[in-house]
1. Considering only segment 224-328, give the helices (runs of 4 or more DSSP H) lying wholly within it that have at least 3 residues that are in contact (Cβ under 8 Å) with a residue 40 or more places away in the chain and under 20 Å from residue 126 (Cα atoms).
2. Can you spot a residue in segment 170-187 that is part of a helix (DSSP H, G or I), over 18 Å from residue 277 (Cβ atoms) and touching a residue at least 60 places away in the same chain (Cβ under 8 Å)?
3. Could you list, in sequence order, all residues of segment 50-72 that are surrounded by 15 or more Cβ atoms within 10 Å (Cβ to Cβ) and closer than 17 Å to residue 91 by Cα?
4. From the residues in segment 97-111 that are within 15 Å of residue 9 (Cβ to Cβ) and touching a strand residue (DSSP E or B) at 6+ places or on another chain (Cβ under 6 Å), which one is surrounded by the most Cβ atoms within 10 Å (Cβ to Cβ)?
5. Looking at segment 96-106, can you tell me whether even one residue there is under 19 Å from the mean Cα position of the chain (by Cα), in contact (Cβ under 8 Å) with a residue 24 or more places away in the chain and in the same structural domain as residue 23 (by TED's automatic domain parsing)?
6. Given 137, 114, which one is assigned to a loop (DSSP other than H, G, I, E, B) and in contact with a helix residue (DSSP H, G or I) (Cβ under 7 Å, 6 or more places away or on another chain)?
7. Mind listing just one residue for me: the one in segment 125-146 that is touching a residue at least 24 places away in the same chain (Cβ under 8 Å) and more than 28 Å from residue 170 (Cβ to Cβ) and, of those, surrounded by the most Cβ atoms within 10 Å (Cβ to Cβ)?
8. Kindly provide the set of residues from segment 202-221 that are touching a helix residue (DSSP H, G or I) at 6+ places or on another chain (Cβ under 6 Å) and within 22 Å of residue 182 (Cβ to Cβ), ordered by number.
C-alpha cells in the first residue's frame, strides 16, 4: 500500500510517500526556519502564506523522488492537529483535493501520534507495547503504547513543555531560534553542575511535568547576575539548565518503564534529537537493562513520513475520514 502524506502543522511544508507504513520512498521537507528566525519564533500568518506558495511543488517533488504517479497512490494521510490553524488548513485542503480527485480514502492524523510512529520507520522490528516519551515544542507526554493505534497517557506537561522551555531560555540568553539545538550544542562545552537549578518532580507518584518554574529560575539567575555585574558564562547556564530538564525526563521515564515492566523506552518529538537526552537515556538503559529507541534527527523534526506511517496504521485499524474532515488546532492526544 502506497500512502501519500502531508504535514503542515507549523513551519515545515512536508510531503512523503511510504510503502506499507514503514518504507520511506520520499520525504521532502521545506523548512521556514530562516524566515522565522528574524522574528525569534514562528509567525502564524507568514507560515500559512509560505505553505500556500510551496505545497503544490513539494507534492510533485515527493512523487518524483519516489518515482511514482498519482495513480499509484492508495491512501492519503494528513495532519489534522494539533498545530497552527492556518497552516493546518493548507495541508488538509490539499489532501482533501487529492483524495477527491483520485477517489482515495483519507485519514486525518494526530501530529503527536505521528512522532511516535517515526520510530517504526527508523526501527523496522520495533513493535508495541513500550513506554513512550514524547518531547516536542509544545508537548511533553509519558505514554504507554499498547498497540499501533492504542495509547494510554500517564503523564503530561502542566505548563511549559520541555521544548518550549528550551526556546524561552535560549531567547533569554540571546541565542537564535530555534533554541533547543543551540542549547544542546553549548551544553557540551559547559559545566552542568555550575548552577543548581531546580528539578521539579511534582507529587511523589506523579508522572506529569512542569518546566515553568525551572524557566523562571534561569531568568531570575540571569537578572540577578546582571544586577550584580557578575560574569554570565552562557555555556554553563545552558548546560545546567539542560541537565535539570533531562534529569526529570529520564527519571520519570525509567520509573514508569520499571513499574509497568516494560523493556523498551521509545523517544519521540523534536527534543528527542537532543544529544544530551540520547546519551543519558542510553547510559541509564544499559544500567537498567532497558532498550532505548529514537528516530534519526530528520525524523524527530516535523515531517510527512511519520504522518504517513500513522495514517497507514490507523487505516489498517479501520479509521477512514470523509471530505468533511476539518482541522483541530488543539487536538488532544489520547
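The values are calculated or read from the model by the stated rules, or taken from the named source; none is laboratory data. From a predicted model like this one, the values you see are computed outputs, not experimental measurements. So basically every Cβ, Gly included, is an ideal-geometry build from the backbone, and we count neighbours across all protein chains shown.
1. Those helices (runs of 4 or more DSSP H) span 234-259, 297-300, 304-316.
2. Scanning segment 170-187 turns up at least one residue that is part of a helix (DSSP H, G or I), over 18 Å from residue 277 (Cβ atoms) and touching a residue at least 60 places away in the same chain (Cβ under 8 Å).
3. Answer for segment 50-72, where residues must be surrounded by 15 or more Cβ atoms within 10 Å (Cβ to Cβ) and closer than 17 Å to residue 91 by Cα: 50, 51, 52, 54, 55, 58, 59, 61, 62, 63.
4. For segment 97-111, the residue satisfying everything is 109.
5. No; the residues of segment 96-106 include none that is under 19 Å from the mean Cα position of the chain (by Cα), in contact (Cβ under 8 Å) with a residue 24 or more places away in the chain and in the same structural domain as residue 23 (by TED's automatic domain parsing).
6. 137
7. Only one residue tops the list, namely 145.
8. Result: 211, 214, 215, 218, 219.
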